[in-house]
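Chemist: Encoded as structure tokens, here's the structure I'll be asking about.
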Amino acid sequence: LIDSKIFLGLGGVIIVLAAVASSLGFWAYLGVHATLIIIEVVPFLVLAVGVDNLCILVQALQRDEIMRNESRMDQLARVVGEVAPSMLLTGISESAAFFLGALSTMPAVRTFSLYAGMAVFLDFVLQITMFVALMALDLRRQEANRLDLCCCIQLKKSSAGDMQTSKGCIYMFMERVYAPFLMRTPVRVFVLILFTFLACGSITRIPQLSVGLDQTLALPKDSYLLKYFDDLNKNLRVGSPVYFVIKDGYNYSNEANIDLLCKTAGCSSISLGAQICCRRTIQLHSNSPSCFFLD
């Protein structure tokens, strides 16, 4: 219980929540409105993207051997100096990838990219500041032989033992079993052929992907809007309305110009309303007759 990292794990989750909350507050202050998808997706996205840096940092400290006449705080500073540059490159590249999505003309994609990019960047900033401070507190707890999550309980030196670097079961499995098996020539050829077929099969299925997002997927299961959309699909199966808009500058005071727009009796046979009513293509795709504001 002394060498466990439950405290650091909870701290990493709190850092993710703080980064997401900071991103929401930052863009809300600038007037960028958030959507329900952002609040539901961004926390899990930042957790999945940023948790790998925390694992790398903690494992690098655990596997590092302390030098002669070096304190634990100096060891932590040295390990952070070795790992932080790669964390910086990872954080910048991930944030840049999301911010590039903000160049999209779709408002939903643009808003999501802004919130996600800022959350990932703030998560990196908190990792190299707040999480490193938590690691320093955890090292002091370990040196004092205090239990994880129960820092008030201190064990004796004889029962606790010294802090030693040890390889975990997963590390030993990867080193002794998985890596030698994967490096065999038949296995490498099989893996290459397998992934080639998977890539080709995935490419052939791309044209069959449906474009669009069902609105019900972004709603909670207990939302009242689900029943509304179900009733809308069953009883009112209509598409989006189509508008024919006339540009500014048209003279509506002239009766001849009005005859070129209306569709009632007495209007011109080449009027806009008459042309729309006579178009068979529009009638096939329209569920209701056209309506003109002049009529």
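Nothing in this text is a laboratory measurement; each read-out follows from the coordinates by a stated rule. Everything numeric here is computed off the predicted structure, so don't read it as measured data. Backbone-built Cβ (ideal geometry, glycine too); neighbour counts: all protein chains shown.
Chemist: Give the lysines whose C-alpha is closer than 23 Å to that of K156, dropping any in the same chain fewer than 8 places away, or say none.
Modeler: Cα-Cα hits under 23 Å: K5.
Chemist: In the neighborhood of A136, defined by Cβ-to-Cβ distances under 14 Å, what is the net charge if each Lys or Arg adds +1 and each Asp or Glu adds -1?
Modeler: It works out to a net charge of +2.
Chemist: Given the convex hull of the Cα atoms of the range 1-147, what is a quarter of its surface area in nm²?
Modeler: That works out to 9.3 nm².
Chemist: Shifting gears a bit: Computed from these coordinates, which is mean projected area of the Cα convex hull in nm²: (1) 27.8; (2) 23.9; (3) 16.5?
Modeler: For mean projected area of the Cα convex hull in nm², the calculated option is (1).
Chemist: Then there is this: Please report, in debye to the nearest 20, how large the charge dipole of the chain is about its Cα centre when each Lys and Arg carries +1 at its beta carbon and each Asp and Glu carries -1 there.
Modeler: 700 debye
Chemist: So which aspartates and glutamates pass the test for K227, namely a Cα distance under 18 Å, with those fewer than 8 places away in the same chain ruled out?
Modeler: Within reach: D214.
Chemist: Mean separation of Cα pairs under 8 Å and 6+ residues apart, divided by the residue count of the chain: what relative contact order is that in percent?
Modeler: 17 percent
Chemist: Given the options T185, G81, F131, identify the residue whose Cα lies farthest towards the positive end of the charge dipole of the range 62-207 (+1 on Cβ of Lys, Arg; -1 on Cβ of Asp, Glu).
Modeler: T185
Chemist: If you don't mind, another one. Just to be sure I understand the rule: take each whole DSSP H helix in the chain, project its Cα atoms onto its long axis, keep it if the span is 15 Å or more and its mean Kyte-Doolittle hydropathy is at least 0.5. Which ones pass?
Modeler: 6-29, 36-63, 72-101, 107-126, 185-204
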